[in-house]
Amino acid sequence: KAGVTQTPRYLIKTRGQQVTLSCSPISGHRSVSWYQQTPGQGLQFLFEYFSETQRNKGNFPGRFSGRQFSNSRSEMNVSTLELGDSALYLCASSLAEATEAFFGQGTRLTVV
Amino acid sequence: QQQVKQSPQSLIVQKGGISIINCAYENTAFDYFPWYQQFPGKGPALLIAIRPDVSEKKEGRFTISFNKSAKQFSLHIMDSQPGDSATYFCAASSSSGSARQLTFGSGTQLTVLP
C-alpha cells in the first residue's frame, strides 16, 4: 500500500508570492492534517480536513488555507509569503475516526 | 502555551545501552500518546503509541511507560543501535470533539555511538 505522497518535495519562492502544496493520503484514509515544522517552533498543527470539510484549525494567520477534494486529496495554500514561512510542511493521513496518523515526507519550502 | 514538554533535548548513548526520553503533558483531555521517529529529510514515522488505560506497552525494543496521575509518559529504547540515531517526538491528542489534532513535544535528538 502506498504511503502519503506530498508534492513537490522542494520549493523556492520569493516573498509576496503564493504557493500551493499537494498531499495524497493513503488509500482509504479520509482524514488529512497539515503541520508546519521549523527548528524554532517545532511541529505545529495547521488544519485538518475530513470529507472535504475543515474540522479543526491551528493558530496560524488567514494566509494559510487548505481544501480537500472528494478523493481525499488535499492542498494547502499560503498567500503573500513571508521569510518566516520557510519550513517543512507535513501532511498526515488517518482512517476516518482512527487515531494513527501517518506522515508524508513533506515539502521543504524556502522563501527568499 | 506548550502543552507537551519533552526532555532531554539531546541524548548520547553507547551501542547496547538504554535510551530514555520523557514527556509531560498538561491537558487532562489527552487520551492518545504516540511517539514518532524522524530521520533527516524524512517525515515523522509512527513508532509506538499508548492509551491511558494501560501503564506500559512494548513493541520489540521500544517500550512506552505511562503514568496517568503524574501526567507523564516515556519512551525506552532497549539495546540501542546506531541505526536508532534520529529525532524522537512525543505527541498527544484528545478524542473529544470530531477532530484529532496532535500536539507535539519539542523533540529529542538521539545519537547512538558504535
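Structural remarks
- Number of positions in region A:46-63 that are at pLDDT 95 or above and either touching a strand residue (DSSP E or B) at 6+ places or on another chain (Cβ under 8 Å) or within 20 Å of A:Thr99 (Cβ to Cβ) (or both): 3
- Strands (runs of 3 or more DSSP E) wholly inside region B:43-107 containing at least 2 residues that are at the interface with chain A (Cβ under 10 Å from one of its Cβ atoms) and crowded, with 21+ Cβ neighbours inside 10 Å: B:86-92
- Across region A:13-31, the qualifying residues are those that are touching a Leu at 6+ places or on another chain (Cβ under 8 Å) and within 15 Å of A:Val111 (Cα to Cα), and the one among them that is nearest to the other protein chains (Cβ to nearest Cβ) is A:Leu21.
- Considered as a group, the residues in region B:25-39 that are in contact with a Lys or Arg (Cβ under 9 Å, 6 or more places away or on another chain) and under 23 Å from A:Phe103 (Cα atoms) include one that is nearest to the other protein chains (Cβ to nearest Cβ), and that residue is B:Tyr32.
- Listed by position, the strands (runs of 3 or more DSSP E) inside region A:32-112 whose residues that are over 9 Å from the mean Cα position of the chain (by Cα) and within 11 Å of chain B (Cβ to nearest Cβ) number at least 2 are A:42-50, A:53-57, A:87-94.
The values are calculated or read from the model by the stated rules, or taken from the named source; none is laboratory data. As the structure is a prediction and not an experimental result, all values here were calculated from the model. No Cβ is skipped: glycine too gets one built from the backbone with ideal geometry, and neighbour counts run over all protein chains shown.
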